[in-house]
Amino acid sequence: MPVLKPQEHYGFRLGADRKLARWPEILAYFEKLAESSDRLKLEHLGTTTEGRPFISAVITSAENMSRLDELREIQDRLADPRGLSPEDAEDLIARGKTIVMISCSIHSSEVGGTQMASELAYELCSCDDDVTRQILDNVIFVFVPCLNPDGLEIVADYYESTMGKPWEGGQLPWLYHKYVGHDNNRDWFMLTQVENQLTVEKVHNVWHPMIVFDQHQMWPTGFRFFLPPYIDPFDANVDPLLQHQTTVLGSAMIMDLLAAGKTGITHSIIFDCFSPSRAYQHYHGGVRILSEAASCKVATPVEVGFADLAPGRDGSDPRVASLAHPVPWPGGTWKLRDIVDYDKISAWACLKHAARYRDNWVRNFYQISRNGLDNKKPYAYVVPPDQRDPITALEMLQTLHKGMVEIHQATAPFTADGVAYPAGSRVILVSQPYGRYAKTLLEKQVYPDLRVFPGGPPKPPYDITAHTLPLQMGVKCLEIQEPFPAKLELLCELEGPAAQFSGLSDAAPPDYGYYICPAMNASYKAAIELMGQGFEVFRTLDPAGPEGKEAHGTFFLPPQEGLNEALMQVVRRLGLRVSAADPEQLEAVVMMRLGVPKVAIYQSYAATADEGWTRFIFDEYEVPYEVIHDANIKSGNLNASYDTIILPGQPAAQISNGLAPGAADPKYTGGLGELGRSSLRDFVEAGGTLVCLGPACDWAIDSLGLRVRNVLRGLKPEEFYLPGSMLRVMLDNSHPIAFGMPQEAVVLHAASPAFEVDADMAVGRYPPTGVLQSGWILGEKHIQDRACVVEVPHGQGQVILLGPRVQFRAQTRGAYKLLFNAVLWGSTDEVIIE
Ligand SMILES: [Zn+2]
């Protein structure tokens, strides 16, 4: 059967001005390719967040296709070479293939990759020249033509609605993913989003690609195209051989682009390799090749004169020729077709290198796997069973497990580095195929003090500088230096903690009611669920229950009709700690009665991923909420509908001004403005609770005239610089906003404020010394002893400023309770003093 040309299927040449191929058409085309070519096999990986089909296509020779399982098994064996003899390894290397994964347009406004995909697949299925033959014979190419199909449809719908308007192809006024927008590729270790889970589980962990080429786009007035080499720092946990392979392959791809006469190509700008959040493959034997093409306006061409080209944030200048950028682009018209061409040439260059140097790629992959086994410093990490929040501890281990990290459980007590650990402790040995992945996620980061010039301003990292999971998640996890004897069994599945009952049985409900431990995130889910079923839920303002003096805010449920069955069901399902309420204690403690939260999350048309993450977490915890926009706020009377309004993390000016006039339909421009400000002020003054997250705190300070000063505002980067790091914080956990938290915790500070406030407003503050726990900070003295979690009374209501990022990318689970508490506090009916 002849292979159908893309143009015949789509009815236009892909990349044509003002035309986009949509996901259903792309799916149909790949299905036709699979039907007509013995070189392409379509895999349905699952469905996206919004229920669309999510696919990959395996492309290789018909001969390879007929023994795909055998070739995959070879790669599996090389990925975990334990017990493999040198002779057997040589045999596998001789027979193995280079596994290449190319993935397109995870950022859906960066449409070029996905628009290119059909042509690349068509050419590989139809060409018979030597280069194509060599690729088909030596490479197994796993192609993910779109990493975010929902986003393609969101972007295309909006783009089509702007056609012919002055804002044609302008900025999308909402996220291009239901929850996380641009952060969908900051999720490659936490793996919270469906598309990322499917890609890792069904492509990465099945094929262990040695090469992953991920196609993106950047701003329109810079370089035309970026490829590696990257800039420093490269996380030292990434194998040096792999680091250099990235440089070699990126350079080879640039060479092919230059040979094809393309201009404006650069390497060694902006993009570093410190964070695993964008680079799962770096810890799983694969290079990550990032390309960034200059954008046009979706599919609408742009005119960019040479004089319009402007330096990037690192000062690199697209008008100046250099070793990293040999031929500047002369300026002119820049179209989607240009992006498609650059993307396609670089994809061919990548596949060609993979094929021509098959032996190198396979041999080095094996070597990198071996190097992982030789890594023995530290020796292990131990997660003991006595955790404040055992479910969050389990989630941390599950995160590692999704990344193929082996987790053992001690079947007997043992001693490591002189400390005794009980049976049931979980142990992660560093010497294992993905031990370096575990290490980077469990250790404290020490980010280098990089400056633009000696003594000059700091060089910005590409992402935040810390990702230490035990600190983010509030999990006790010990690094063990020296080898130790212990009876360990490998866990195939990670079981959750069983519910713990004290003084309770199903048959006889307790006489005085139940306590639920406030230290676990899941207890909040239970409390909200039970309130939703109509049960009365209280919290104790004093410590209560078996948890001891830190258990302020224990959830208390008095005996109620039907409660025992409902509560036992929830507690068992979630694995909570529950106990029978003590009558003597009940006499003494002060209670507050919770109300079902009536919450609104503000969604700016200057869309921010932080807003989406907030919804994601609320959906996970079943916290009820409504989304409100500028017009809802401006229309006033907010107290009638909501107890609490949340402003997710985004700069104050963005909240006030929104999208600039003319950037979109007027209904989407302008932000909260003066009317929105006065409406929110009225809401708070009439008794509402406004919760501001991270950078949004500045909006409330300015707009409501709070008696609070953000001491970090106005400091130069040379004086204070903290590009996303983990800090120690001291909390007053007898205050309802910090209930359930330990008195000393770790929080993530990223574009966050720190406050000078009246002493009675501070619920949390950074300590006087030893603030930095992981990452990088310059000028620590500026935040020492400063408040970061505050409650500011205002009129009859209150403003809660949560300076640290308490729900950042669904990672900072050790701080979730601060957000949940703020919401519950805002909906507290009354405080009962008995
Ligand atoms: Zn991108």
Any chance you could give the angle, 0 to 90 degrees and rounded to 10, that helix 816-826 forms with the longest Cα principal axis of the chain?
-> 50
What ³J(HN,Hα) values, in whole Hz, does the Karplus curve 6.51 cos²θ - 1.76 cosθ + 1.60 give for the stretch 266-277 when θ = phi - 60°, with x put for Gly and Pro?
-> 9, 10, 6, 10, 6, 7, 10, 9, 8, 9, x, 5
Given unit charges at Cβ for Lys, Arg (+) and Asp, Glu (-), the dipole magnitude of the stretch 780-834 about its Cα centre in debye, nearest 20, is 500
Table column - 3J(HN,Hα) (Hz), the stretch 510-527, Karplus curve with 6.51, -1.76, 1.60, x for Gly and Pro | x, 5, 10, x, 10, 10, 10, 4, x, 7, 9, 4, 5, 4, 5, 4, 4, 4
Here the convex hull volume per residue of the stretch 702-834, taken over Cα atoms and given in Å³, is 121
Percent of Cα pairs exceeding the 19 Å cut-off, where the set is the stretch 420-477 = 51
Charge dipole (debye, nearest 20) of the chain; +1 at Cβ of Lys and Arg, -1 at Cβ of Asp and Glu = 1700
Exceeding the 21 Å Cα-Cα cut-off - candidates LYS165/LYS667; LYS262/LYS335; LYS439/LYS459 | LYS439/LYS459
Average projected area of the Cα convex hull of the stretch 323-420, in nm²?
-> 13.4
Search the structure for amide H atoms under 5 Å from the amide H of ILE140, placed 1.01 Å from N in the peptide plane, and list their residues when 5 or more places away or on another chain.
-> THR98, ILE99, VAL100
Interchain or long-range residues, amide H under 5 Å from VAL446's placed H = GLY775
Helix 112-126 axis, angle to the chain major axis (alpha carbon atoms, nearest 10°) | 40
Would you please give the FRET efficiency between LEU491 and VAL627, computed as 1/(1 + (r/R0)^6) with r the Cβ-Cβ distance and R0 = 56 Å, to the nearest 0.05?
-> 0.90
Area projected by the alpha carbon convex hull of the stretch 150-255, averaged over all directions, nm² = 9.3
Which percent of Cα-Cα pairs in the stretch 680-720 sits in each 5 Å bin, short to long?
-> 5, 20, 25, 23, 13, 7, 4, 4, 0
Zone residues, the stretch 140-173, relative to VAL302, backbone N less than 12 Å from point 7 Å out along Cα-to-Cβ | 169-171
What's the carbon and sulfur percent of the chain's accessible surface, probe 1.4 angstrom, rounded to a whole number?
-> 51
Would you pull out the residues with amide H under 5 Å of LYS297's amide H, same chain only if 5 or more places away, H placed 1.01 Å from N?
-> VAL302
For every helix of n ≥ 4 consecutive DSSP H residues, a contribution of -39,500 (n - 2.57) applies; sum these over the chain, divide by its total residues, and give [θ] at 222 nm rounded to the nearest 500 deg cm²/dmol.
-> -9500 deg cm²/dmol
Any idea of ILE93's accessible area? Nearest 10 Å², probe 1.4 Å.
-> 0
Project the alpha carbons of the stretch 131-189 onto their principal axes and report the range along each, largest first, in whole Å.
-> 49, 33, 13
Hey, got the Cα dimensions of the stretch 346-399 along the principal axes, in Å, largest first?
-> 54, 27, 11
So what J values fall out for the stretch 574-585 if you push phi through Karplus, 6.51 cos²θ - 1.76 cosθ + 1.60 with θ = phi - 60°, rounded to Hz, Gly and Pro as x?
-> 8, x, 8, 9, 9, 9, 7, 5, 9, x, 5, 5
Which value, in Å² rounded to 10, gives the accessible area of HIS44 with a 1.4 Å probe and all protein chains present?
-> 110
Surface/4 of the Cα convex hull for the stretch 186-333, nm² | 9.6
When the Kirkwood hydrodynamic radius is evaluated over all pairs of different C-alpha atoms of the stretch 418-540, what value in angstrom, to one decimal, is obtained?
-> 19.9
For the stretch 464-506: Kirkwood Rh in Å [reciprocal of mean 1/r, alpha carbons] = 15.1
Quick one: give the max-minus-min coordinate of the C-alpha atoms of the stretch 1-77 along each principal axis, largest first, in Å.
-> 47, 35, 19
Scaled to the compact-protein estimate 2.2 N^0.38 Å, what is the alpha-carbon radius of gyration of the stretch 35-92, rounded to two decimal places?
-> 1.55
Taking Cα pairs closer than 8 Å and at least 6 residues apart, the relative contact order of the stretch 221-369 in percent is 32
If you find the alpha carbon centre of the stretch 192-263 and of the stretch 750-792, how far apart are they in angstrom?
-> 37
Can you tell me the accessible area per residue over the chain, all protein chains present, probe 1.4 angstrom, in square angstrom?
-> 35
Can you give the Rg and Dmax of the stretch 581-658 based on its C-alpha atoms, in angstrom?
-> 17.1, 55
Ignoring ligands and nucleic acids, what accessible area does ARG278 show with a 1.4 Å probe (Å², nearest 10)?
-> 20
Within the chain, the percent of DSSP beta bridges that are antiparallel, given to the nearest 5, stands at 65
Could you state the number of Å between the C-alpha centres of the stretch 82-110 and the stretch 720-741?
-> 43
Burial order of peptide ranges 162-169, 174-181, 541-548 (average beta-carbon count within 10 Å, highest first) = 174-181, 541-548, 162-169
Using a 1.4 Å probe and counting only protein heavy atoms, arrange PHE453, PHE225 so the residue with the most accessible area comes first.
-> PHE453, PHE225
What value does the chain have for Rg/Rh, both radii from Cα atoms and Rh as Kirkwood defines it?
-> 0.98
Dmax and Rg, reported as Rg then Dmax, of the stretch 1-146 (C-alpha, Å) = 17.1, 57
Taking the Cα atoms of the stretch 487-641 alone, what are Rg (to one decimal) and Dmax (as a whole number) in Å?
-> 18.8, 65
Could you grab the Rg to Rh ratio for the stretch 746-806? Cα atoms only, Kirkwood for Rh.
-> 1.00
When the Cα centres of the stretch 361-406 and the stretch 660-705 are compared, how far apart do they sit, in Å?
-> 44
Considering the options SER425, GLN654, ALA380, tell which one lies farthest towards the positive end of the dipole of the chain, charges being +1 on Lys and Arg and -1 on Asp and Glu at the Cβ, about the Cα centre.
-> GLN654
For the stretch 227-363, what is the charge dipole size about the Cα centre, in debye to the nearest 20, if Lys and Arg each add +1 at the Cβ and Asp and Glu each add -1 at the Cβ?
-> 420
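The values are calculated or read from the model by the stated rules, or taken from the named source; none is laboratory data. All of these numbers come straight from a predicted model, not from anything done at the bench. Every residue, glycine as well, gets a Cβ built from its backbone with ideal geometry; the counts of neighbours run over all protein chains shown. These accessible areas exclude ligands, DNA and RNA; they are computed on the full protein's heavy atoms, side chains included. Shrake-Rupley method; radii C 1.70, N 1.55, O 1.52, S 1.80 Å.
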